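The numbers here are math on the coordinates, done by the rules we state, and not lab data. All values reported here derive from a predicted model rather than from experimental measurement. Please note: Cβ atoms are built from the backbone with ideal geometry, for glycine as well, and neighbour counts cover all protein chains shown.
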Amino acid sequence: MKLTDAQWQQRLTAEQFRVTRLKGTEYPFSGTLLHNDANGTYCCICCHQPLFHSDTKFDSGCGWPSFFAALQGQVRYQTDHSHGMQRTEILCAHCDAHLGHVFDDGPAPTGQRYCVNSVALQFDKQ
Ligand SMILES: [Zn+2]
């Protein structure tokens, strides 16, 4: 799914646009989905493809919704050298929305922590 910045701006709020299209970061502990523990699927706010399932969500204490796995094939990985760090950026595989970053300090079974901006996600309750 490819849209111009102007088209994304029409579909998204200013904060959603800043985070997903300009690779911004929401303030920690500000996201509405941080403490959401309902059963369901977390979808891309831009293209509504499913990205994460509530079964893989955990409380990492980092201030952003955290998951130990993404749904198969739904997330794309890219090395990010910004801010003087080497991190792995995660993007929606369908529309290239910036979601957050993935780190190697997560819990079993994967040992990974997908740290995702709440505004990049739309929650579909089961
Ligand atoms: Zn998307």
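Couplings 3J(HN,Hα) for the stretch 109-126, derived from phi with the Karplus relation 6.51 cos²θ - 1.76 cosθ + 1.60 (θ = phi - 60°), are x, 9, x, 10, 10, 8, 9, 10, 5, 4, 6, 7, 10, 10, 9, 10, 6, 8 Hz, where x marks Gly and Pro.
Among residues other than Cys95 whose Cβ falls under 12 Å from its Cβ, what is the net charge (Lys/Arg +1, Asp/Glu -1)? Before the final figure, lay out each step's value.
Values: positive: Lys2, Arg11, Arg21, Arg76; negative: Asp96.
Charge balance in the 12 Å sphere: +3.
Scale the Cα Rg of the stretch 68-126 by the rule-of-thumb value 2.2 N^0.38 Å and send over the ratio, two decimals.
Details: Rg = 11.9 Å, N = 59, 2.2 N^0.38 = 10.4 Å.
Here the Cα radius of gyration is 1.15 times the empirical estimate.
Pair-distance distribution of the stretch 13-72: all C-alpha pairs, bin width 10 Å, starting at 0; shares per bin in whole percent are 21, 52, 27.
Sorted on the mean count of surrounding Cβ atoms within 10 Å across their residues, most packed first, peptides 8-18, 44-54, 92-102 read 92-102, 44-54, 8-18.
Modelled spin labels at Gln126 and Met85, positioned 7 Å past Cα toward Cβ, are 3.1 nm from each other.
Spacing of the modelled spin labels on Asp59 and Ser30, each 7 Å from Cα toward Cβ, amounts to 2.3 nm.
Ordering Pro50, Ala38, Leu22 by Cα displacement along the dipole of the stretch 1-65 toward the positive end leaves Leu22 in first place; charges were set at the Cβ atoms of Lys, Arg (+1) and Asp, Glu (-1). Along its principal axes, the chain has C-alpha extents of 41, 39, 28 angstrom, given from the largest down.
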